[in-house]
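Peer 1: There's a structure below that I have some questions on.
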Amino acid sequence: MGITNSDSETRYGTLSGVNKGEITDCYAFVRSGRSLGKNVCGVNNGQIVTSFSQIYKNVEELYIKDARKSGEEIKKKEDADVLGFNTDKIWEYKDGKPVLRFIDSKWKVSVKKATNSKIHTIQSIEDLNKFSEGVRKGDKEFLNGRFVLSKDIDCKGKKLSPIGDKFSNAFRGVFDGQGHSIVNFRIYEKNIGNTGFFGHLKGTVINLSLEGEITGEGNVGTLCGINEGIVSCCGVIAQMYGAGDHLNMGGIAGVNRGRIEKSYAAVSQSRAFIPFIPIGITAAGIIAIGIAAVLALPTSGNAQVYAPIKEDANQFVISQEDNSSYDEASDGMNTISFTFNHTLHVDPDDGKCYLDFKNPSESTYKIVITIQADDGTVMAESGAVLPGRGLNFVTLNDDGYRLVSNGTDSATVFLTSYTLEDDSKAMIDNSLPVRIEIE
């Protein structure tokens, strides 16, 4: 089960719930309706240098050579340099604060190849699952191996299991992301103690960015539940949910006993399990989440640029009566609301799949709808549906029509949210099981 607290207590940190190791040149950013992880670490018994935590636009906690100070210490680039932030290589000074350069030639780290060391290449979710299974089984080739990520991997909302969840099968090798990303994954675990992309890490993880949803008990972190190794040049964006009487939750690690350096976390943390939202045959599903959504990993230059999300040509304006059952959002709270049918009917003549989808006017996000078969095949995808608009149908693509014609009767609807201002992807995603019937 790994380490836990001796009493009923929760420790939240924007980088690590508990720090007993080293944290250097790291930056954490939290935006949520209720910010639980305001400090770099909930409990710090180790060393923290040139790192800070930001809540909304305010720097809450700044560490300079083990001293905790206010973000007011930094007014200009020269102040950041004097305080120890290397703004020529690791940091850049922008908008009144140092910001980590993310994955560029000045920042990447490398490891020397050991003699006769075999390199395992990961380039698909199948490779990733094989790696994870090998570690969980305690296969020495996987436990102690060297792995490189050769391309970005989009997990398309699929559930992953933590890579090594206890001391006996902790990953002890090297995982080099080579600047690539693993995105759109979900990790949902109960009663295993250490939850994260890596459950228990004793090896080295470098040059990797992650974006996903983490739910667990005990020690919960986006990159690892417990770190007893080295994390360097990594970045994470995550929606985190934690539960249990003994909870250590951090943006990168639940508990850090090793070294975390030159890494970045943008997280939202909640003290509860949030299950998939049940949708009845005729009932509507509604969520209202207080989460501000623009959390982009920094680059070596400007902030991440997002492609514009094309609006769906078939959307229609929802009547005032359709909006009457929804409450307006509270000031400062971002919300996402939606309704649609549990059973989707398909017209065999034109492939139209009828959703009766509504994105009520109090929602603060535009939503893209994707229908995905159980084997991961994308069957249909909409354009963006704006707040106050509805969408009666999406049209199945050739793969979707083929699957339905061959008897596929179940699928998953993925709802991806985007901000209205700049089309940046929100950290609020939902997946809902549906039935498909041909009329």
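Peer 1: Shape verdict for the range 165-233, please, from the Cα gyration tensor: rounded (a/c under 1.5), prolate (a/b greater than b/c) or oblate. Intermediate results must be reported in sequence, preceding the final value.
Peer 2: Numbers: a/c = 2.44, a/b = 1.19, b/c = 2.04.
Note, shape of the range 165-233 comes out oblate.
Peer 1: Per 0.36 nm of contour for each residue apart, how much would the distance between V183 and K94 grow if the chain were fully extended, relative to their Cα-Cα spacing?
Peer 2: Working: separation 89, 0.36 × 89 = 32.04 nm, distance 2.66 nm.
Length difference between fully extended and current span is 29.4 nm.
Peer 1: Evaluate the distance, in nm, between pseudo-label points positioned 7 Å from the Cα of D375 and of E9 along their respective Cα→Cβ axes.
Peer 2: Between D375 and E9, the simple spin-label model gives 5.2 nm.
Peer 1: Out of V148, C233, G177, whose Cα points farthest toward the positive end of the dipole of the range 142-264 (charges: +1 Lys, Arg; -1 Asp, Glu; placed on Cβ)?
Peer 2: Projecting each Cα onto the dipole axis, the largest value belongs to V148.
Peer 1: Now for a different question. Expected output is a single nm value to one decimal: the length gained when fully extending between L420 and K151, i.e. 0.36 nm times separation in residues minus the C-alpha distance. What is it? Before the final figure, lay out each step's value.
Peer 2: Working: separation 269, 0.36 × 269 = 96.84 nm, distance 2.97 nm.
Gain on extension, L420 to K151, equals 93.9 nm.
Peer 1: Sticking with this structure for a sec: Spin-label point model (7 Å from Cα, Cβ direction): what's the V82 to K137 distance in nm?
Peer 2: 5.9
Peer 1: Which order do the peptides 212-222, 150-160, 387-397 take when ranked by the mean count of other beta-carbon atoms within 10 Å per residue, highest first?
Peer 2: Values: 212-222: 28.8, 150-160: 15.6, 387-397: 19.8.
Result, highest mean Cβ count within 10 Å first: 212-222, 387-397, 150-160.
Peer 1: Fully extended, how many nm does the chain gain between V109 and D245 (0.36 nm per residue separation, minus their Cα-Cα distance)? Please list the in-between numbers first.
Peer 2: Working: separation 136, 0.36 × 136 = 48.96 nm, distance 3.79 nm.
Taking V109 through D245 to full extension adds about 45.2 nm, to one decimal.
Peer 1: If packing is taken as the average count of other Cβ atoms within 10 Å, what order do 227-240, 75-88, 164-177 fall into, highest mean first? Before the final figure, lay out each step's value.
Peer 2: Numbers: 227-240: 25.9, 75-88: 15.1, 164-177: 21.7.
Top of the packing list down: 227-240, 164-177, 75-88.
Peer 1: If you take the charge dipole of the range 343-432 about its Cα centre, with +1 on Lys and Arg Cβ and -1 on Asp and Glu Cβ, which of A373, N397, N359 is farthest toward its positive end?
Peer 2: Value: N359.
Peer 1: Quick one: if you stick a label point 7 Å off each Cα along the C-beta vector at N406 and A313, how many nm between them?
Peer 2: 3.0
Values in this text are rule-based calculations from the coordinates and carry no lab data. What you are looking at is a predicted structure, and each value in this text was computed from that prediction instead of being measured. Note that we place each Cβ from the backbone using ideal geometry, even for glycine, and neighbour counts take in every protein chain shown.
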